[in-house]
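Worksheet for the structure shown next.
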Number of protein chains: 2
Amino acid sequence: MAAIKPSLAKGTRDFSPAQMEKRNYIFNTLKTVFKKFGYNEIQTPSFENLSTLTGKYGDEGDKLIFKILNSGDYLSKVSDEQLSARNSNKLIPYISEKALRYDLTVPFARYVVMHQNDIALPFKRFQIQPVWRADRPQRGRYREFYQCDVDVVGSESLLNEAEFILIYQQALQALGLKDFTIKINNRKILTGIAEIIGKPELIVDMTVAIDKLDKIGLDGVNKELLERGFTTMDLDILKPIIELKGNNEEKLQQLKTVLANSENGLKGIQEIEEVFGYVKTFASENVLDEFVEVDITLARGLNYYTGCIFEVKTNEVAMGSIGGGGRYDDLTGMFGLKGLTGVGVSFGADRIYDVLEELNLYPASNSTSTKVLIINFDKSIEGYSLPLLAELRNAGIAAELYPTAAKLKKQMSYADAKQIPFVLLVGDEEKETGLLSLKNMDSGEQIKVDRQQLIQYFS
Amino acid sequence: MAAIKPSLAKGTRDFSPAQMEKRNYIFNTLKTVFKKFGYNEIQTPSFENLSTLTGKYGDEGDKLIFKILNSGDYLSKVSDEQLSARNSNKLIPYISEKALRYDLTVPFARYVVMHQNDIALPFKRFQIQPVWRADRPQRGRYREFYQCDVDVVGSESLLNEAEFILIYQQALQALGLKDFTIKINNRKILTGIAEIIGKPELIVDMTVAIDKLDKIGLDGVNKELLERGFTTMDLDILKPIIELKGNNEEKLQQLKTVLANSENGLKGIQEIEEVFGYVKTFASENVLDEFVEVDITLARGLNYYTGCIFEVKTNEVAMGSIGGGGRYDDLTGMFGLKGLTGVGVSFGADRIYDVLEELNLYPASNSTSTKVLIINFDKSIEGYSLPLLAELRNAGIAAELYPTAAKLKKQMSYADAKQIPFVLLVGDEEKETGLLSLKNMDSGEQIKVDRQQLIQYFS
């Protein structure tokens, strides 16, 4: 077998130790918060039956699902006519019956339906696993990436929405973020707006247009609305809504006036107010004023969400949304279990990784797992060094003895490359006096410690 | 879209919260030990270029690799002749260029070669990720399962082998196992035995036969050896070796006599002795006598291993090996980087899971993440319960308020199903007296505590 120069599959990444520590730091921080709120972890398989995934993500999505070729003689189920037709797309179901997970939502729906007799409702789960999409890879977009979803199904209570605001706030603060905005909207408010204009059938066109306010400004939005079938009279009604000013309470008051004739619209406002009421009762800090913003231009996943909609942005770094979610009314209908309501949010792990990197927010102690490297001067000293090494590890301290008596320079480079913060020099002198030389690799400072002090130093 | 009854892809599993907690407990326990020994985590992508994987696992292995169908018009690269030939196997490279990871070893080799300029040798890594094999699913054999590998490359020192013995011992003890055997052999001893018989070319036949001693006994082994080209004279030489008696030291002494004329054989014995020397210096307990057993019938992965070979068995439960590994001399040659020696072991996570289950070794506190459920009697009490809930969570205690004032029975069932150990009853009386009723779901016992005592109770 000729040696081949290895490469990564397009759009995939290796995670080296330093990256893994940072990723684990993020995931562990998030998990700790999720668990405090009563959410438990589940995992689903990496591949599902193709029929489970097909038709759930639209035609474009279906194309981006990675299909797995059947094993063995996969052509045996294909007729000569089918083969000679050369229709790649039509042939798929005959040669592939499995596909890689495209998101965590559809597998979760499948999970809930299959386990409906074992789980207690409300069912609160989080799931942190990779998903795969056959997208064209580009900067920041990968074919394998992690999703991190938190959902509760089987509870209509708006307490859940309130808790998701707190989950966002506590998780992002635990990661060291200070300035971020949790935007909230409600699908029913959008419905109400479309109703008072008298064009409920154009709700999608309306929201697609006003969603672009940040990017193209009011003039741009108006232009697009006209193109999408709205009149200048409609624009007059929409203008004060799109340009809603003031704090959350003021915005909601203005909306109440504008939407006074829409039952849906008022219900949406009332839901947000109830969520806010819960948050106020809950938190001693002023979470609402500091982090939450009513934003009626927010419309993500409109065809999916039925109640509150969330999106989170950091204000410390230029970066798109780092999370979002909302209330949906029919997660499991696609698998025959109707009427199960739920609400959930997700965290954009890759973006959060980049944000923490840019803001230098990773804890220093995180930079390596090994805390001290014992330098190996010569084999004869191993009889002294090994019990010391055992002592360190027994105290829970990650430690290594360089495995051979290589040149000091080489051993120091090893400590450097692995970002080991301390090296311990144990030579004949140290062995005799019992005083060990501990060198701080960062400052170069060297101190003398006995074995007991050494352990204490790292504990 | 008609609702379909969902099912799992064949040979795959969902992991529900209780299973995830147990799995995480195992993985976290292992990781803690690996890190103490200076091993760092890496992750590689779930799929690799097909060319990276093909040809590394033999013809049978190649067939078991899950191939991913190219996206888009995957038939466009296939000629009419190729299509009409209907050769599923030959067609693969034209319609698939990616495949799912089959093990962690080949991706690790690819990783080392691609990152050779960034990593410091010796490079110590662990990796815990799923792998996929198109095996026929059966009891205990899945198409998606986790491997857990720990390897060091770029160091010849036998200190590494000694540390793997300690890693096994400490990891299994940390998981609560008491009685297990770490078997050790050395490829050079097997080479030596084949040499003194004068049939070095039959080493594979010899080891395949004597590896079955446990299953088919000495007579069976002898029968198989005769079939595989050995003579009755050879059997006379082999008999005392196969039936080696005594403790480790006695076994090694007997081997030294038998293998006196084989340089390879003596080198293998000496390597084991050096490893044992390290373990003795290292550990205050008598790890060798208690857990380590020289077993020259052990031959796993013979074509791969070049020095020490390990295999681990629990003696508390009838179960195959729960781990194994050894020294190899050419991990990365397949990718053009020659002469890089390494040694590594793996842990059989699924089997360890079953062993802990059977021995009831999972910590009780592990059975759920939520520690206390606050019963929701009526909406008016939420103003009292929510700050209390916040207080619990701020103290790091996983807690929930049932999200609606459902019937008490329903709320209790929820706590039961989720294995929440305590429920907190907060009614008007509690609100007035400040004394909360805390009920132990296991014993049924109910005590009165104030808020401060409540926090302390769970801290």
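The values are calculated or read from the model by the stated rules, or taken from the named source; none is laboratory data. Keep in mind that what you see is a predicted model, and the values were worked out from it rather than measured. Ideal geometry is used to build each Cβ from the backbone, glycine not excepted, and the neighbour counts take in all protein chains shown.
Numbers below:
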{"quantity": "Helices (runs of 4 or more DSSP H) lying entirely in the range B:4-95 (those with 1 or more residues that are assigned by TED's automatic domain parsing to the domain that holds B:A171 and closer than 26 Å to B:V113 by Cα)", "calculated": "B:17-36, B:50-53, B:58-64"}
{"quantity": "Those residues of the range B:1-18 which are more than 7 Å from every other protein chain (Cβ to nearest Cβ) and at pLDDT 95 or above, in sequence order", "calculated": "B:K10, B:G11"}
{"quantity": "Single residue of A:K239, A:K256, A:K251, A:K199 found to be of a type in the set (K, R), crowded, with 18+ Cβ neighbours inside 10 Å, over 26 Å from B:T404 (Cα atoms) and touching a residue at least 12 places away in the same chain (Cβ under 8 Å)", "calculated": "A:K251"}
{"quantity": "The range A:65-110, residues that are among the basic types (K, R), within 8 Å of chain B (Cβ to nearest Cβ) and surrounded by fewer than 18 Cβ atoms within 10 Å (Cβ to Cβ)", "calculated": "A:R86"}
{"quantity": "Residue under evaluation B:L121, criteria (1) part of a helix (DSSP H, G or I); (2) within 10 Å of another protein chain (Cβ to nearest Cβ); (3) surrounded by 15 or more Cβ atoms within 10 Å (Cβ to Cβ), criterion not met", "calculated": "(1)"}
{"quantity": "Strands (runs of 3 or more DSSP E) wholly inside the range B:303-354 that include at least 1 residues being among the acidic types (D, E)", "calculated": "B:305-314"}
{"quantity": "Restricting the range A:376-414 to residues that are under 16 Å from A:E432 (Cα atoms) and small (G, A, S), the residue that is farthest from the other protein chains (Cβ to nearest Cβ)", "calculated": "A:S380"}
{"quantity": "Some residue of the range B:31-50 being farther than 30 Å from A:Y414 by Cβ and of a type in the set (K, R)", "calculated": "no"}
{"quantity": "Those residues of the range A:355-374 which are away from chain B (no Cβ under 14 Å) and part of a loop (DSSP other than H, G, I, E, B), in sequence order", "calculated": "A:N360, A:L361, A:Y362, A:P363"}
{"quantity": "Checklist (1) facing chain B (nearest Cβ under 9 Å); (2) surrounded by fewer than 19 Cβ atoms within 10 Å (Cβ to Cβ) applied to A:G434, failing item", "calculated": "(1)"}
{"quantity": "Condition check for B:D354: buried (at least 16 other Cβ atoms within 10 Å of the Cβ) and either under 30 Å from B:L159 (Cα atoms) or under 23 Å from the mean Cα position of the chain (by Cα) (or both)", "calculated": "no"}
{"quantity": "Test: residue in the range B:143-166 that is assigned to a loop (DSSP other than H, G, I, E, B), under 30 Å from B:L8 (Cα atoms) and modelled with pLDDT of 95 or more", "calculated": "yes"}
{"quantity": "Within the range B:292-337, tally of residues that are within 26 Å of B:L255 (Cα to Cα), of a type in the set (D, E) and in contact (Cβ under 8 Å) with a residue 60 or more places away in the chain", "calculated": "3"}
{"quantity": "Every pair of residues 6+ apart whose Cβ atoms lie under 7 Å, when the first sits in the range A:49-72 and is among the hydrophobic types (A, V, I, L, M, F, W, C) while the second is surrounded by fewer than 18 Cβ atoms within 10 Å (Cβ to Cβ) and part of a helix (DSSP H, G or I)", "calculated": "A:L50/A:P93"}
{"quantity": "Tally, over the range B:27-43, of residues that are more than 9 Å from every other protein chain (Cβ to nearest Cβ) and without any contact (Cβ under 8 Å) to a residue 12 or more places away in the chain", "calculated": "1"}
{"quantity": "Verdict on B:N303 being assigned by TED's automatic domain parsing to the domain that holds B:K178, at pLDDT below 95 and more than 24 Å from B:K178 (Cβ to Cβ)", "calculated": "yes"}
{"quantity": "Which listed residue, of B:P200, B:P130, B:P122, is in contact with a Gly (Cβ under 6 Å, 6 or more places away or on another chain) and in the same structural domain as B:T341 (by TED's automatic domain parsing)", "calculated": "B:P122"}
{"quantity": "Residues of the range B:1-40 that turn out to be among the aromatic types (F, W, Y), over 25 Å from A:F126 (Cα atoms) and under 14 Å from the mean Cα position of the chain (by Cα), as a count", "calculated": "1"}
{"quantity": "Count of residues meeting criterion [within 9 Å of chain A (Cβ to nearest Cβ) and buried (at least 20 other Cβ atoms within 10 Å of the Cβ)] in the range B:143-154", "calculated": "2"}
